[in-house]
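Read the structure below first, then the notes.
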Amino acid sequence: MRSESQSNTSIIRQDRVTGFEKFAFGCGEISTNIVFTIATSLLVTFYTDVVHVSPAVIGLIIAVSQVFNGLSDISAGFIIDRTRSKYGRARVWMLRMSVPYAVAAVLLMAVPSRIGGLAQAVYIFVTYNLMLTVVYTMFQLPFATTMTYMTRSQKERSSINIVRMAMSPIGNIMITLVFTRVLSIMPGGGEASQRNWIVLTAIYAAAAAAMMLFCFASVRERVKVLDEYGEEKVPLKKAVPALFQNKYFVMLFLFFVAFAMYQTFSGTVTTYYCKWIIGDMAIIGNVNTACYGITIVATLGLGKIMHLTTKRNWCILGALFIVAGSLIVLADPASVAVVTIGGLLRGIGMTPILGMIFTMIADSIEYGQWKTGARTAGAIQSASTSGQKFGQGIGSALIGAIMAASGYSGEAASQTARALETISGLFVYGVALLGFLMIAVLLFYRLDREYPAVMRDLVAREAGKNQAIESILNENPELILAYIGEQTGAREAAETQIARNVERGQP
């Protein structure tokens, strides 16, 4: 019989994840961000200014779609938790969804121009939901969940996430800095040509799919905690209530709503602000390069100082920088330099949030298992990101409704004073308000201090269960071959029987 320390080591797998594997995982993050940035920063402008659909119609479509999108996240989480394949639970979906991801991204831009407004709206609704409700959900969510299966070590998870978030802005910069500039010099109408949007999106989507396939081929799932302890599939009737018994999941869900609203406001309104207030839409590249470029450097530095305070405090500090980056624009609203400095401050603010939030989700998974006895990594990850989708929907609906009420017209050569005031107000005060909302949610988060005690108790429980399983194997040697056998079905059957015996206190 192994010692308790040996059992604990086997329960919390301290597998070291190589630097190459972390880099590959970061490439997956770039891949997911390419279409996400198109959807949050450029798609609304494309619909209103290139296809000439009313901003109110687009806002309504996106708002309704994000409700479906959020629900699909939750469904996808349960699908991931119940997936079994030779490539693991979550990682296999990177392989399955890479090609559909590229195809669906192109369909977003292929809005027929020679059909009526209602038909265009239907096409946009269908393709938007195909991309973001179905394909992107089963593309991004399994990718994000994979980190929780790569290792259970808090230190390794933090390291993986630091690399991931350091590489994350590259996808945004590839779109906001390069995409818009390439569009402007393409023949046949530049950024006003729908064909140019389709061609360039196809190139980016193919590159994104290739990066995710590279990620799939390079990373590995190591953590199989539930498999080892006999709880192969958590029933829905147990998994759903377990989500709402986890108070920290609820807080992170609300935080994601606020943070996604900020990203949607910042991304979408920045495009309008650069085009109509500054007078050059290409300036969005300067602003976002400042915002996301500093994030790359700052995230790497964050790894050296993150021990100085808790993850919650880092996120609150980040939200304060976001507020400052918004309000500083009041010093000179039409100045490229001031707006760029504002983007720089927001980028500094996003650094600790992006560097910590996904690790906080992983912490809440452990808390949920400790609190309810059910480890539902996919469900918690999906429900958290569904908050992101709801936030995007709410943000898009608000932007569309407010812009329409202001009299904004994508076909107009100039905008009314009221429309310009609205764009400025959303860019400055709307974003600042969302920063304060993020802070309000985090004030109630205490898991950073509770986590060590939670993990000590959880490890002790799992060590006891592991020892009970070993005892049964010693007393029933005929189960050993099945348990360690290479046939998945035989092993799962053995684990199920062992778990039942443990619960009944029988050999």
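Which pairs, out of K22/K371; K247/K311; K155/K311; K22/K155; K155/K238; K22/K389, put more than 21 Å between their alpha-carbon atoms? Could the numbers behind the result be given before it?
Values: K22/K371 30 Å; K247/K311 17 Å; K155/K311 13 Å; K22/K155 13 Å; K155/K238 30 Å; K22/K389 26 Å.
From K22/K371; K247/K311; K155/K311; K22/K155; K155/K238; K22/K389, over 21 Å: K22/K371; K155/K238; K22/K389.
Please sort 421-429, 76-84 by packing, taking for each peptide the average over its residues of neighbouring beta carbons within 10 angstrom, highest first.
Values: 421-429: 19.3, 76-84: 20.9.
With the highest mean Cβ count within 10 Å placed first, the list reads 76-84, 421-429.
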Shape of the stretch 22-98, Cα gyration tensor, a/c cut at 1.5 = oblate
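Under the 0.36 nm per residue contour assumption, what length would be gained going from the current alpha-carbon distance of L118 and R418 to full extension?
Working: separation 300, 0.36 × 300 = 108.00 nm, distance 2.80 nm.
Using 0.36 nm per residue and subtracting the Cα-Cα distance, I get 105.2 nm.
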What nm distance separates the two modelled labels at D280 and S184, each placed 7 Å from Cα along Cα→Cβ?
-> 0.6 nm
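Using a 10 Å cut-off on Cβ atoms, rank the peptides 18-30, 396-408 from the highest mean neighbour count down.
Numbers: 18-30: 18.9, 396-408: 20.5.
The most tightly packed comes first, giving 396-408, 18-30.
Using r as the Cβ-Cβ distance of A440 and T309, and R0 as 25 Å, what FRET efficiency do you calculate, to the nearest 0.05? List each step's numbers first, then the result.
Working: r = 19 Å, r/R0 = 0.76.
Once the sixth-power term is evaluated, E becomes 0.85.
Rule-based calculations on the coordinates, nothing more; no lab input. The shown structure was predicted, so the numbers you read here are calculated from the model rather than taken from an experiment. When we count neighbours, we look across all protein chains shown, and the Cβ atoms used for this are built from the backbone with ideal geometry, even at glycine.
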